[in-house]
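**Student:** My questions all concern the structure below.
All of the numbers you see were taken from the coordinates with simple rules; none came from a lab. The structure displayed is predicted, hence computed values, not measured ones. Every residue, glycine as well, gets a Cβ built from its backbone with ideal geometry; the counts of neighbours run over all protein chains shown.
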């Protein structure tokens, strides 16, 4: 990466709060969240998304906005103290009470409700009130964005595309807020025109997660298909089968998300937009299969005809001389 490009990057922590400990009482979950915030800021993460929007075991459902704001302010205090103690730049913050579920929805059945201007105004006002303390007044000036629902999301097999008309009132509301922008979550798989429209409508921070690893998995599976065309089965990495076997043996990252019969579960584990297989690439068995795949295709370069069949975009780049025909470059 060029130095000029690297200088424009900053590390951000997303959904930082008690969400990972929702099954615990709020006091215990928030204790974990304080440790989490401290660790992120100490490690140099500068953009901090304070997400206290989900109820813990002993909370009301849904969680009142005032509670969300109070917990966010509590965590902001930790962030401020940690940055100061380590001599780091003070963080910038993202807030929000209408925060989409991390990683996409289980189902998009029913209408996707766009955040109303009234709800956005309420979120801003109640957070500003929570931050109105001697320790946090300066931090409020570094609140750069608010997470809202602009009407974009995805589930395991479908995508809800951005409709500018449906979000027009929300976009108009931000015209009255000179200092902040909107942050849109779950913008994975949006069409290019939709992404342009989101930015035009002041959704200046677009969060993408599973789409990146989904594309990585697509490329690896395509290379595995090329490998199977070139080599005897006994020499092949068997990457798709290895990945699925590991996922079945260790189901904790997908079992609560995927439902159906055996055939449906197999398809979801491999191909769902929510891409729960992303949590398995670093495990030893899967990593070893990827290494075997790369070694095989390093020794047996994919023929152009197979690149055209399984990786047509990469095929065109190889033909143009802008991409090497090596497994690492193809991915």
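**Student:** What is the distance in Å between the Cα centroid of segment 30-66 and that of segment 268-314?
**Tutor:** After rounding, the separation between the Cα centres reads 35 Å.
**Student:** What does the extension gain come out to for residue 81 and residue 313, with contour length at 0.36 nm per residue minus their alpha carbon separation?
**Tutor:** Here the segment from residue 81 to residue 313 would lengthen by 78.7 nm.
**Student:** Using a Förster distance of 45 angstrom, determine the FRET efficiency expected from the C-beta separation of residue 125 and residue 218, and round it to 0.05.
**Tutor:** FRET efficiency, residue 125 to residue 218: 0.55.
**Student:** Can you give me the distance in nm between label points at residue 326 and residue 27, each placed 7 Å from the Cα along the Cα-to-Cβ direction?
**Tutor:** 5.8 nm
**Student:** Once both labels are modelled 7 Å past Cα along the beta-carbon direction, what's the residue 257-residue 196 spacing in nm?
**Tutor:** 3.1 nm
**Student:** Can you give me the angle between helix 262-271 and the longest principal axis of the chain, using Cα atoms only, in degrees from 0 to 90, rounded to the nearest 10?
**Tutor:** 80 degrees
**Student:** While we're on this one: If R₀ is 22 angstrom, what is the calculated FRET efficiency for the pair residue 10 and residue 90, using the beta carbon separation as r and rounding to 0.05?
**Tutor:** Efficiency at R0 = 22 Å is approximately 0.95.
**Student:** Let me ask another. Most exposed first by the Cβ proxy, i.e. fewest other Cβ within 10 Å, how do 132, 163, 188 rank?
**Tutor:** Ordered by Cβ neighbours within 10 Å, fewest first: 132, 163, 188.
**Student:** Where does helix 65-85 land angle-wise versus the long Cα axis of the chain, in degrees 0 to 90, nearest 10?
**Tutor:** Compared with the principal axis, the helix lies near 80 degrees.
**Student:** Moving on to the next point. May I ask you to list the residues of segment 152-179 whose amide nitrogen lies under 13 Å from a point 7 Å from Cα along the Cα→beta-carbon direction of residue 111?
**Tutor:** Residues passing the 13 Å test: 166-167.
**Student:** Taking Cα pairs under 8 Å and at least six residues apart, what relative contact order does the chain come out at, in percent?
**Tutor:** Normalised by residue count, the contact order of the chain is 12 percent.
**Student:** Using a 7 Å offset from the Cα along the Cα-to-Cβ direction at both residue 59 and residue 295, what is the distance between the two label points in nm, to one decimal?
**Tutor:** Placing both labels 7 Å beyond Cα along the Cβ direction yields 4.8 nm.
**Student:** Which option, (1) 1.46; (2) 1.02; (3) 1.12, is the value of Cα Rg over 2.2 N^0.38 Å that was calculated from these coordinates?
**Tutor:** Calculated Cα Rg over 2.2 N^0.38 Å: the matching label is (3).
**Student:** Just want to confirm a number: the relative contact order over segment 247-322, from Cα pairs under 8 angstrom separated by 6+ residues, in percent.
**Tutor:** Numbers: 26 pairs, mean separation 13.3, N = 76.
This gives 18 percent for segment 247-322.
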